[in-house]
Amino acid sequence: MKMSHLIRVMCLAGFLACSTSVRAWDYEGHRIVNELALASLPKDFPAFVHEPAAAERIAFLAGEPDRWRNVPGDLPISHVNGMDHYLDLEELAEAGLDPATVPSYRYDFAVQFALGRAAHAANFSPIDPEKNTDHSREWPGFAPWAIAEYYGKLKSAFSYLKAYQEAGHSDEIANAQANILYVMGVMGHYVGDCSQPLHATIHHHGWVGANPNGYTTWVGIHAWIDGGLIGKARITPDVILPRVIPATLIPLTPRADGRDPMFVATMDYILGTNKLVEPLYQLQKAGKLGDDKVTHSTEGKTIHEKRPVTDEGRAFIETQLLRGGEMLGAIWYTAWRNAQPDTYLKASLLKRQAAALPTPAKAAP
């Protein structure tokens, strides 16, 4: 192999290693979440979603936001999309903020966090510009805001679908249905991300800071949870589907604090995920997640100890995939049930229909 080709191969391998290490669930895991969500939908949910081609489209789109990250150097999309995949919850407290009160508007929160970070600068490590080309390290992530925004997009899509259905516009009905499949599939990625504990914490690539319990600082733990474990344990939708329960509506009662109820429900979901960060690290420390144990002998040799995925480790991951699927199904169901026909569009369609009517012939004088 020529040296120039070898260098290109090595650079590509390095890029792939870095790009996959920041994801929550690999493609197979994200497909599982979307497929479990589809299985949770009630029988009266729009039937077109369950048609084989539509279900496959939704499952395929589970990987779309990660595919947006596969083009190196595309910093604008990396900046806006990358931070939607996670929320480093501990950083909120470090900025003097409480997740129970942060604004449900993305940019209101951004202002609040920036001010809090500046006021508590001692709580944050200096940012290395060479590791921050996408300008993301100033922020804790925006996952709950992204999910709440996708809920709004899906609700809108169901609203205009209902308007087209009432008017009987078949071509536009088909386009509206295609849009719904797209939004359902893509938003599933972010909901799935937030069921992976390492996407709800500052300890996303190994334990950082004080570590009295001796948890691993291995940066590869993230990639291992995302896909290595799922592949080694051969986790598939079939083994989880029997545990799926029917989707229920997320309560959207107006709140006294004015925050969006869907955003609050999403934040609560992520807070629940964050509580599982330390149990996940405990499983890894106990050798229950199937990652090889690497030690170094006194002679300087590297020793790899093969470890199986235990039933406890497998159950932990399956439960989180299921939890993501059930939350996603609930959001889809709530969007459909709360979508009223788009009144503005209905009025426009009535005007279009009236304009299309033949002009009455004038009576002869």
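Read-outs throughout are calculated quantities, based only on the coordinates presented, and are distinct from any laboratory measurement. What you see is a predicted model; the values in this text were computed from it and never measured. Here the Cβ positions follow ideal geometry from the backbone for every residue, glycine too, while neighbour counts run over all protein chains shown.
With +1 assigned to the C-beta of every Lys and Arg and -1 to the C-beta of every Asp and Glu, and no other charges, what is the dipole magnitude of region 95-164 about the Cα centre in debye, to the nearest 20?
Using only the charged Cβ atoms, the result is roughly 380 debye.
Compute the separation of the alpha-carbon centres of region 90-151 and region 205-284 and state it in Å as a whole number.
The distance from the Cα centre of region 90-151 to that of region 205-284 comes to 19 Å.
Which order, highest average first, do 133-142, 244-253 follow once you tally other Cβ atoms within 10 Å for each residue and take the mean per peptide?
Details: 133-142: 17.6, 244-253: 14.2.
Highest to lowest by the protection proxy: 133-142, 244-253.
For the chain, state the semi-axes of the equivalent ellipsoid (square roots of 5 times the eigenvalues of the alpha-carbon gyration tensor), sorted largest first and rounded to whole angstrom.
43, 24, 22
Within the chain, which complete DSSP H helices have Cα atoms spanning at least 18 Å along the helix axis and a mean Kyte-Doolittle hydropathy of -1.0 or higher?
Both cut-offs are met by 3-20, 27-40, 106-119, 143-167, 170-193, 261-274, 311-337, 343-356.
Which entries of LYS131/LYS232; LYS131/LYS155; LYS232/LYS301 show an alpha-carbon separation above 29 angstrom in the structure shown?
Details: LYS131/LYS232 32 Å; LYS131/LYS155 38 Å; LYS232/LYS301 26 Å.
Listed pairs above 29 Å: LYS131/LYS232; LYS131/LYS155.
Please give, to one decimal in nm, the separation of the simple spin-label points placed at LYS293 and VAL219, each 7 Å out from Cα toward the Cβ.
With each label point 7 Å from Cα toward Cβ, the separation is 2.5 nm.
Taking amide H positions as placed 1.01 Å from N in the peptide plane, with prolines and chain starts having none, which residues 5 or more places from VAL309, or on another chain, fall under 5 Å of its amide H?
Those qualifying (amide H under 5 Å, at least 5 residues apart or on another chain) number zero.
How much length is gained if the chain between ASN175 and ARG234 is pulled fully straight, taking 0.36 nm per residue apart and subtracting their Cα-Cα distance, in nm to one decimal? Let's see the in-between values first.
On the way: separation 59, 0.36 × 59 = 21.24 nm, distance 3.69 nm.
Length difference between fully extended and current span is 17.5 nm.
Pull out the extension gain between ALA100 and ILE127, defined as 0.36 nm times the separation in residues minus the alpha carbon to alpha carbon distance; nm, one decimal.
Details: separation 27, 0.36 × 27 = 9.72 nm, distance 2.73 nm.
So the chain would gain 7.0 nm between ALA100 and ILE127.
What nm distance separates the two modelled labels at LEU241 and ASP311, each placed 7 Å from Cα along Cα→Cβ?
In this crude label model, LEU241 to ASP311 measures out at 2.4 nm.
How do 260-267, 25-32 rank on mean C-beta neighbours within 10 Å, highest first?
The peptides rank, most packed first, as 25-32, 260-267.
For ALA355 and THR302, calculate 0.36 nm times their separation in residues minus their Cα-Cα distance, and state this gained length in nm to one decimal. Could the numbers behind the result be given before it?
Details: separation 53, 0.36 × 53 = 19.08 nm, distance 7.89 nm.
Extending this stretch completely gives an extra 11.2 nm.
What is the magnitude of the charge dipole of region 52-205 about its Cα centre, with +1 placed on the Cβ of each Lys and Arg, -1 on the Cβ of each Asp and Glu, and no other charges, expressed in debye to the nearest 20?
The calculated dipole for region 52-205 is roughly 240 debye.
Quick check on the chain: helices-only [θ] at 222 nm, where DSSP H runs of length 4 and up contribute -39,500 (n - 2.57) each and the sum goes over total residues. Nearest 500, please.
Helix-only estimate at 222 nm: -17000 deg cm²/dmol.
Could you size up the charge dipole of the chain around its Cα centre, putting +1 on the beta carbon of Lys and Arg and -1 on that of Asp and Glu, and report it in debye to the nearest 20? Before the final figure, lay out the partial values.
On the way: 34 positive and 40 negative charges, 133 e Å.
That gives the chain a dipole magnitude of about 640 debye.
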